Ligand SMILES: *Cc1c(COP(=O)(O)O)cnc(C)c1O
C-alpha cells in the first residue's frame, strides 16, 4: 500500500475516533521518524512522551528480539524472570514496596482506583470517594474518564461510575475543604500533561500529601506522563520530599512496547488478596524485558542528567522565541523534557506548518505547544526544532 492507499483504507475501516495527520510513518532512528515517501521528521512528541530512548535504539531492539525468541508470553499463573526483575527494580527505584503490571496508563489508573477503594473500605465502609482535579487526564476507560475531570471525555458515556469529586488543581484550600473521612484517595498528576503542561506551585504536592495523611486518605500520583525520567528524575515526585501511597506509570515505561504499572506501599498493597485483581497480558515477558532494557539504557546513558540539561536548554531557547514574539507567546514552562509554550491563539496551524517543515510537535489544551522529545536528544536537535518553529511563528 502506498501512503494514499493507507490513508483511504484507514478512513474506511478504522473507527472514526482519531483525527490523524495525513502522515504514514514507516521507520525511525534516534529522534527522527520517516514517512512512506522517505521524508524525515524530527520527533519532539515521541509518541506522546513514550519513546524515551528514541526510535530504533539498538539495545532496546536487541532486548525485545532476544526475549521474543525465548518467550513472549505465559500467563500470570507462572513466574517469569523479566517480570520479577522489573518489579524489584521499580520498587527499589521508587521507594514503594509492591507493583502490579497492566498494559496501558488507563489500566494502571483503573487498578490504582480499585486498590484505593479496597483500602478505603478497610478503614470505613463509606470511604469510597476519589478526588481529582480540573483539567487532569487519567485515561479513557469508564472509571478513568470519570476521574478525568473534563466533560469532553465523558459526554455520551453516562451513566458514569459514582464517587468522583473534582476540585481545582494547584489549590490547597480546595483540598483542605474537600478531603474528608469519605475520601479514599486524591489522584494528582505531578505536572498536568494533557491539561496544558501545568506545573503546580512549589510545596503543593507535599502539602497535598500532608492533608491526605492527616485525614486517612491516600495520595495517588499519576506519573504516566511525568515518570520514566521525563522531568529529569525517574519520578517527578522525587523533586520533592513527598512519599506517595500509590504511583501509576505507563507511557515511557516500555519505550514504546505497551506496559503500565501501579506501585504502592506495603500497607496499601496488603489489602489485595489472590483473585482481587488480574490481567492476562499485563507484565508479560516481552513487555517487561523491554522495560528492563529501557531502565538500563536510562542509567547507562545518564538520561536523567540529559533530560535535565537539555530541558534547561530547551526552556532557555524557547524563552528567546517568547521574547521575540510576545504577542503570540505568553509563557514557556516546563521541568526536564516536559515543556509547554502557551500561545495567545490555537496552536493547530503552527503544529501543521512545523510538520510540513519536518518537525513533529503537538498542541494540547487548544493553545499550548507541547514538547516531550526522547530523553536522548542533544543541543543540535533543540536548535533544529527551534529554528523551524521560529520561522513558522514569524508568519503568525
Ligand atoms: C496518557 C496518560 C494516561 C492514559 O494512558 P493510556 O495508555 O492512553 O491509557 C493517563 N494519565 C496520564 C497523566 C497520561 O498522560
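None of the figures in this text is laboratory data; all of them are computed from the coordinates on show. Remember, it's a predicted structure, so these values are computed and weren't measured experimentally. Cβ: placed from backbone, ideal geometry, glycine included. Neighbour counts: every protein chain shown.
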Degrees separating the helix 204-215 axis from the principal Cα axis of the chain, which is the longest one: 20
Rounded tilt (10° steps) of 285-300 against the dominant C-alpha axis of the chain: 70
Stokes-Einstein diffusion coefficient of region 40-180, Kirkwood radius over Cα pairs, 4 °C, 1.567 mPa s, in µm²/s: 70
Cα long-axis angle, helix 105-123 against the chain (0 to 90 degrees, to the nearest 10): 20
By average C-beta atoms within 10 angstrom, highest first, the peptides 193-206, 69-82: 193-206, 69-82
Kirkwood Rh and Cα Rg combined as Rg over Rh, evaluated for the chain: 0.96
Ranked packing of 361-370, 50-59, most packed first, by mean Cβ within 10 Å: 50-59, 361-370
Cα point-scatterer Debye curve for region 7-64, base-10 log of I(q)/I(0) at q = 0.13, 0.15, 0.30 Å⁻¹: -0.43, -0.55, -1.18
Alpha-carbon Rg with Dmax, taken over region 129-168, Å: 8.9, 24
Relative exposure of 309, 214, judged by other C-beta atoms within 10 Å (fewest first): 214, 309
Burial order of peptide ranges 86-95, 137-146, 115-124 (average beta-carbon count within 10 Å, highest first): 137-146, 115-124, 86-95
Expected 222 nm ellipticity per residue - DSSP helices of 4 or more, -39500 (n - 2.57), all of the chain, to 500: -12000 deg cm²/dmol
Where Rh is the Kirkwood radius over Cα pairs, Rg/Rh for region 277-385: 1.09
Whole-Å semi-axes of region 246-313's equivalent ellipsoid (Cα gyration tensor): 28, 16, 10
